[in-house]
1. Just to be sure I understand, how many residues within the stretch 121-147 are farther than 19 Å from residue 39 by Cβ, acidic (Asp, Glu) and buried (at least 17 other Cβ atoms within 10 Å of the Cβ)?
2. Going by the conditions given, is residue 112 β-branched (Val, Ile, Thr), farther than 27 Å from residue 13 by Cβ and in contact (Cβ under 8 Å) with a residue 40 or more places away in the chain?
3. Between 118, 137, which is at negative phi, at pLDDT below 90 and in contact with a strand residue (DSSP E or B) (Cβ under 6 Å, 6 or more places away or on another chain)?
4. Scan (1) surrounded by 12 or more Cβ atoms within 10 Å (Cβ to Cβ); (2) at pLDDT below 90 for the single condition residue 79 breaks and write down its number.
5. If you scan the stretch 90-103, which residues turn out to be touching a residue at least 12 places away in the same chain (Cβ under 8 Å) and within 24 Å of residue 18 (Cβ to Cβ)?
6. Kindly indicate the residue of the stretch 148-164 that is in a loop (DSSP other than H, G, I, E, B) and exposed (fewer than 14 other Cβ atoms within 10 Å of the Cβ) and also modelled with the lowest pLDDT among those meeting that condition.
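The values are calculated or read from the model by the stated rules, or taken from the named source; none is laboratory data. If you're wondering where the values come from, they're calculated on a predicted model, not measured in any experiment. In this analysis, Cβ positions are derived from the backbone assuming ideal geometry, glycine residues included, and neighbour counts consider all displayed protein chains.
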Amino acid sequence: MGPGGIGTTRSLPTQGLKSLLSYYGGDGPSRDKLAAFIRNYLVYEGDSVPDEVIDLRYAASIDPGVVTNPPLRRPSGPMALRTLWRMDLTRDSRLNNLQTPTLVLWGRDDKVNRPEGGPMLLNTMPNAELVMTSHTGHWMQWERAELFNRLVVEFLSGEVAFAP
């Protein structure tokens, strides 16, 4: 579901990825910075995310352990491009041989990972199935929760055979 590192090096990073990677940079994390990122880049309709969700996500983002070692930050220096290149999982030849049935869920309007990332995985992994939804950004699990949950439960329970 909207994984990082899919097609990130095919062209310049998206505005959403730039925003995500700069969250801990500059003046550091702030509630306003996080609200702007979530409402402008993670979801198709920014007003759909209530302030309470922003508050919870912000509180988690400023946990001292997280601030000391942020999960994502903008690569810098001479290795920056190489770091982004290594983040691109579609360059990993092991995906071509992965026999595990895989359900790929992707928002057609994702502004963090390009929408073509979903089809890239579909065409790289031999037993992948792709479901792309319109009017959906990076947070498909939020915006299309009922559909997301149903597809995941059906896939994991084997109720629907998505892959051979």
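1. Total satisfying the criteria: 1.
2. On the way: β-branched (Val, Ile, Thr): yes; farther than 27 Å from residue 13 by Cβ: no; in contact (Cβ under 8 Å) with a residue 40 or more places away in the chain: yes.
Taking the combined requirement at face value, the residue does not satisfy it.
3. Working: 137 fails: at pLDDT below 90.
One residue alone meets the criteria, 118.
4. Of (1) surrounded by 12 or more Cβ atoms within 10 Å (Cβ to Cβ); (2) at pLDDT below 90, only one is false for residue 79: (1).
5. 90, 91
6. Step one: of the stretch 148-164, the residues in a loop (DSSP other than H, G, I, E, B) are 158-164.
Now narrow it down to the ones that are exposed (fewer than 14 other Cβ atoms within 10 Å of the Cβ): 158-161, 164.
Details: 158: 85, 159: 74, 160: 66, 161: 61, 164: 51.
It comes out as 164.
So that you can scan it fast, the table gives a plain yes or no per residue for (1) over 24 Å from residue 48 (Cα atoms); (2) among the hydrophobic types (A, V, I, L, M, F, W, C); (3) in contact with a helix residue (DSSP H, G or I) (Cβ under 8 Å, 6 or more places away or on another chain):
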position: 103; (1), (2), (3): yes, yes, yes
position: 115; (1), (2), (3): no, no, no
position: 121; (1), (2), (3): yes, yes, yes
position: 131; (1), (2), (3): no, yes, yes
position: 141; (1), (2), (3): no, no, yes
position: 144; (1), (2), (3): no, no, no
position: 151; (1), (2), (3): no, yes, no
position: 155; (1), (2), (3): yes, yes, no
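Yes or no, residue by residue, for (1) modelled with pLDDT of 80 or more; (2) among the basic types (Lys, Arg); (3) more than 27 Å from residue 93 (Cα to Cα); (4) in contact with a Gly (Cβ under 9 Å, 6 or more places away or on another chain):
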position: 11; (1), (2), (3), (4): no, no, no, no
position: 15; (1), (2), (3), (4): yes, no, yes, no
position: 32; (1), (2), (3), (4): yes, no, yes, no
position: 40; (1), (2), (3), (4): yes, no, yes, yes
